[in-house]
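The values are calculated or read from the model by the stated rules, or taken from the named source; none is laboratory data. All figures in this text were calculated on a predicted structure; none of them were measured in a lab. Every residue, glycine as well, gets a Cβ built from its backbone with ideal geometry; the counts of neighbours run over all protein chains shown. The accessibility values were calculated without ligands, DNA or RNA, using every heavy atom of the protein model including side chains. Shrake-Rupley method; radii C 1.70, N 1.55, O 1.52, S 1.80 Å.
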Amino acid sequence: MFSFQSKKIYLFMFMGIQLVVIALLSREAYKKRVTYFIPILRKDNASIPTGRNQTSTAVVANGGDVYANLSRLSKAHSQGENLTYCPKTSPLIVGRINVRIHSNFTMQEVQRKNPLVVRGGRYRPPDCEARHRTAIIIPYRDREHHLKVLLYFLHPFLQRQQLNYGFYVIHQAGNYTYNKAKLMNVGFREAMKEEDWDCLFFHDVDLIPEDDRNTYVCDANPKHVAVAIDKFEYELPYKKVFGGVTALSPLHYLKMNGFPNNYWGWGGEDDDIGDRVSLAGMSISRPSLKVGRYKMIKHKLDKGNNANTKRFNLLRKTRQTWKQDGMNTVESRVISREYHPLYTNITVDVGTKAGLPPPPPPPKAATMADQIQHHG
């Protein structure tokens, strides 16, 4: 039998050990190790295949597979024109999504997982009439891996929301300096030529949504959607920010004269667009930080997209320039329009700071002598 004094000593020793453990775990290094191992202990519901060459992000706690509910969809569209409207809130929405990014799958695999997506990246619910028609505009150049990952996650994400939607990849031709805002102007124009979309989402190719309650429909005001990105520790970087993923109705877009055309290189255009919203007499709406969550695919700065050293000077002039520089002055030349199984690719020449170059001369008609020589 232990004496009362011995019990007291053991009790103090036990409490001391607990305090030491707590102190160790509170240190940053131990926090990181614990955070690292927690996802490993959780059940992984991701359906993307694994392999040696994969790169992955942290698993989102309690997240589900983005394809999980789609097995409930009909495999073919209902016949006839008497479909009832889809519910105001889709029954396929469940909330948090497990976003695990890998590199070892192909566009063909993404296509097989989305059998109801048709030519050009178009989709409509098979058994009800969608209440919303949303175009996804993706400014793009040399980001094939990012595009593949975005399509893998965003197609089922939007199907769960029972939207009528289409994907438009606006590909800047050539090796000239990148101009994201000008590409988005082109995307608006070309998408509206094809269908009377009631909402347009301007979407960076490297941002993956993590919660399907973040509905891809427009609000009464222009909407900044990507409010909580993992890169910024799921916090809004600053109140003025209006980039990454944004949603505008055609009326919003025309009221603010679209986007600026004179931001060449990285930076500045998102803040200019935010200023245009205010100057046009509108305000910015946002989802909550819990819902508007995104994971950013890590990447290096692109070639031809160096930081725009003139962006701050341009921003100071937005109040004077927004009505003269925008959708009403955009110059571009569509080179090709290709309807892929998962998206529509529009390759466009947006020129340079000096303007749009003259179009190439038409092919010279063959003369009779040329034809004789060719067949001789």
Checklist entry - How many nm is it between the label spots at residue 68 and residue 232, if each spot is 7 Å from the Cα in line with the beta carbon? => result 2.9 nm
Checklist entry - Going by the alpha-carbon gyration tensor, a ≥ b ≥ c the square roots of its eigenvalues, is region 210-279 rounded (a/c under 1.5) or, if a/c is not under 1.5, prolate (a/b greater than b/c) versus oblate? => result oblate
Item to check | residue 339 paired with residue 317, simple spin-label distance in nm, labels 7 Å along Cα-to-beta-carbon | outcome: 4.2 nm
Checklist outcome for this item: Heavy-atom accessible area with a 1.4 angstrom probe orders 136, 93, most exposed first, as 93, 136
Checklist entry - Taking all protein chains as present, what is the carbon and sulfur share of the accessible area of region 151-239, in % to the nearest whole number, probe 1.4 Å? => result 47 percent
Checklist outcome for this item: For the table 317/353; 240/290; 113/182; 88/240; 240/295, the rows whose alpha-carbon distance is greater than 26 Å are 113/182; 88/240
Item to check | In nm, spacing of pseudo-spin labels at residue 239 and residue 106 (7 Å Cα→C-beta vector) | outcome: 5.2 nm
Checklist entry - How much length, in nm to one decimal, is gained on full extension between residue 85 and residue 144, taken as 0.36 nm per residue of separation minus their Cα-Cα distance? => result 17.6 nm
Item to check | Solvent-accessible area per residue, Å², over region 163-297 with all protein chains present [probe radius 1.4 Å] | outcome: 33 Å²
Checklist entry - Where does each of 195-202, 109-116 land if you order them by average Cβ count within 10 Å, highest first? => result 195-202, 109-116
